[in-house]
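Worksheet: the structure to be examined is printed underneath.
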Amino acid sequence: MPFLKNILSSRSLSIVGLEKNTGKTVCLNYVLRRLHELGVSTAVTSIGVDGEQTDSVYATAKPEVTLYEGMYLITSERHYLQRRCVSEILDLSNQRTALGRLLTARILSSGKALISGAAATAILADQINHFKQQGIQLTVIDGALSRLSLASPTVTDSMILATGAAVSPNLQQLISKTRFVCRLIDLPEVEPAIRTALSQASSGLWALDSDGLAHDLNIPSVFMLSSANSDLFRYGTTLFASGAVSDRLLKILAAKEEIKQITLIVRDFTKFFVTPEVYNDFVRRGGSLMALRKSHLAAVTLNPTSPHGYALDSHTATQALSDALNLPVYDVMKIER
């Protein structure tokens, strides 16, 4: 397993894709098989639905999820009844989804299963903590389309980012989109003292003074912030956005005379809802960005084929993307073999 060390140093792992059909399920199956071969106690769940035989959007064949003896599974009642493996129910939760209550089971004999878990990241975090307390070495959570929130360091310790031709048939556009997300993931993390100072900042925009004390600027929403906020920097130019960061906020800050002194701290990379153009303009003008907590990117995988029928050359695409990211990039289909 090329990225084994990066995974086994964590207690929880999320697998997220930049688009549908970027190879998340293939990656999940590869990870689960290798963990089983290594004897790593593993729990599995999903923030969406995984393991369907047919893609609900493109009507194309999809790989099913294979679970192995000794693994733990959290899924919905409806999908548990459709499993093709021997298992025993350990817990039936009061937490409900559209597919019924969530249940926890232990796999007794390897086989296929549909996985559909909680949609709320807070519930997922509780489930991870429960498995930790039970002595499970690693909890693997499969993501859903546009749910990068799953990869927040407040939910999972590490993440695998799946990209591919489904993101763009143009290799340069694919590289550009993937590189931008990886750039957000790689934001530097603040010092522990700053994280402690901002731990109670639950909403709105805050500022840090020269002594490291946090001050509420009483701006509960970015929509209440305008370029006319003359006292925005009354405590200093280090700001903390406790919620989502949009193009609007970056544009307002980039227009300030103090832009070269501004450091904007965000909770983590999943809080960004910005375009590359606005982000790059903020940085080009001299603004700095940091994260309260940094996500650990364990691996980047690439699916060179698209459900629309086109395909990239695997070797060329993985090499070009690896060079652009300065990280190893894996075609999991090739590793699988």
If you check Phe282 against the conditions, is it modelled with pLDDT of 95 or more, outside any helix (DSSP H, G or I) and not hydroxyl-bearing (Ser, Thr, Tyr)?
-> no
Breaking point among (1) among the basic types (Lys, Arg); (2) within 17 Å of Val266 (Cβ to Cβ); (3) free of Cβ contacts under 8 Å to residues at least 60 places away in the same chain, for Arg195 = (3)
(1) touching a residue at least 60 places away in the same chain (Cβ under 8 Å); (2) more than 25 Å from Glu19 (Cβ to Cβ); (3) part of a helix (DSSP H, G or I) all hold for Arg78 apart from (1)
Assess whether Ala162 counts as being out of contact with any strand residue (DSSP E or B) (no Cβ under 6 Å at 6 or more places or on another chain), surrounded by 21 or more Cβ atoms within 10 Å (Cβ to Cβ) and within 20 Å of Lys20 (Cα to Cα).
-> no
Please verify whether region 243-262 includes one or more residues that are surrounded by 21 or more Cβ atoms within 10 Å (Cβ to Cβ), in contact (Cβ under 8 Å) with a residue 60 or more places away in the chain and either touching a helix residue (DSSP H, G or I) at 6+ places or on another chain (Cβ under 6 Å) or not small (Gly, Ala, Ser) (or both).
-> no
Does Gln173 fit the bill of being modelled with pLDDT of 95 or more and over 21 Å from Leu99 (Cβ atoms)?
-> yes
For region 101-111, the count of residues that are more than 14 Å from Gly70 (Cα to Cα) and surrounded by fewer than 20 Cβ atoms within 10 Å (Cβ to Cβ) equals 2
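The values are calculated or read from the model by the stated rules, or taken from the named source; none is laboratory data. The model shown is predicted, which means the values in this text are computed figures rather than measured ones. Glycine gets a Cβ as well: all are built from the backbone with ideal geometry, and neighbour counts include every protein chain shown.
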